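**Q** First the structure, then my questions, so here it is.
None of the figures in this text is laboratory data; all of them are computed from the coordinates on show. Worth saying up front: this structure is predicted, and the values here are computed from it rather than measured. Using ideal geometry, Cβ is built from the backbone for each residue, glycine included, and neighbour counts are taken over all protein chains shown.
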């Protein structure tokens, strides 16, 4: 069954003490920054749920997607082929035929004349325009209450700087959910201390997704839960009734939209972050160097040996960081291999970046582990060697692209 939707639109405001209401209807506004593979899954799922009969009638939501200028231009080009030249279809499909596809539609808006009608469809905005410091306020001054930020880890700093510069984009007591790879919690802790009224959370996804084209993503393992953890230096950690109500409302919405989500304790979330980091550090570099799908890790003893050397170094560092204390090398290898098997037809994001001649996340995935190791005087020669190989491939591919 395919869900097609024009998403009902309303405004949502979270206040310091309580939700803003209009009559008896709670109004909530969500923005998703970055509609790559993960962002598109969130956008398609939430959008389809908003239109479906399962959406809560006691809450009114709006959903905006904010994308970089090049993706915005692609969205406009795609919309031009539709019957309604101002609309683009979003689709999240699955590799297994027995699982439903999810679809919703979004209207394309130039930021200078955004509509404010409460029945307006889900919108796509130009990220570069929306985050300009001198730009007019989004939607006539209405702020977002929740921002789900699905960008590459190396874009975190620039996104944060632009959010800080814009006092009219995120509500003073708004919530930010960061969805990305890498061991970036220390970086996010520094940022949250500068804006303590914002509630910062990080999300670690367990499903795989590949962007086929703008608005179309192919996903697998979508039923696996996404783990959320509070950025603890924030003054608004999920420790009071008010904070719990806010994050629980967001998680309830995500669960209802078919995106299983749960809030974890600090220690458990630290374990999950490291677990995902080791999986990424094992799968991404090797599959990129072998120029194959994730299944290439499982095809022979040589690729398994390479994986084991990488995982062994990473796990030693994780233990020194007080994470994964009960996980040994054999168990960690089993987990990495299971992910590789579950996503065997996927090409990893690092390989996709190399093929597109884009910057990879090797410094945030492998480089973060190396940096943590150096803090403990732990040698990581295999990971350092792999990082340099990927950087060499990255530099060569980018240089070739620049010469073309």
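**Q** Output the peptides 151-160, 324-333 sorted from most to least packed, where packing is the average of other Cβ atoms within 10 Å over each peptide's residues.
**A** Those peptides, ordered most packed to least, come out 151-160, 324-333.
**Q** Using 1/(1 + (r/R0)^6) with R0 = 25 angstrom and r between the beta carbons of residue 312 and residue 355, what's the FRET efficiency to the nearest 0.05?
**A** On the way: r = 29 Å, r/R0 = 1.16.
The value I calculate is 0.30.
**Q** Distance in nm between label sites at residue 157 and residue 268, each 7 Å beyond Cα in the beta-carbon direction?
**A** Taking the simple label geometry, residue 157 and residue 268 are separated by 3.4 nm.
**Q** Using the alpha carbons of the stretch 280-398, what is the convex hull volume per residue in cubic angstrom, as a whole number?
**A** Given the Cα convex hull of the stretch 280-398, per-residue volume reads 90 Å³.
**Q** Also, I was wondering about something else. Arrange 207, 385, 43 by Cβ neighbour counts within 10 Å, fewest through most, would you?
**A** 385, 207, 43
**Q** At 7 Å along the Cα-to-beta-carbon direction for both residue 330 and residue 256, put a label point, then send me their distance in nm to one decimal.
**A** Each label point lies 7 Å from its Cα, and together they span 4.6 nm.
**Q** Could you tell me the relative contact order of the stretch 268-382? Use alpha-carbon pairs under 8 Å, at least six residues apart, and round to a whole percent.
**A** 36 percent
**Q** Moving to a separate point now. Fewest Cβ neighbours within 10 Å first, please rank 216, 171 accordingly.
**A** Least crowded to most crowded, the residues run 216, 171.
**Q** What FRET efficiency do you get for residue 392 and residue 164 if R0 is 30 Å and r is their Cβ-Cβ distance, rounded to the nearest 0.05?
**A** 0.25
**Q** Order these by the 10 Å Cβ neighbour count, fewest first: 345, 184, 366.
**A** Fewest to most other Cβ atoms nearby, the residues stand as 345, 184, 366.
**Q** How many nm separate the modelled label positions at residue 338 and residue 377, each set 7 Å beyond the Cα in the direction of the Cβ?
**A** 3.7 nm
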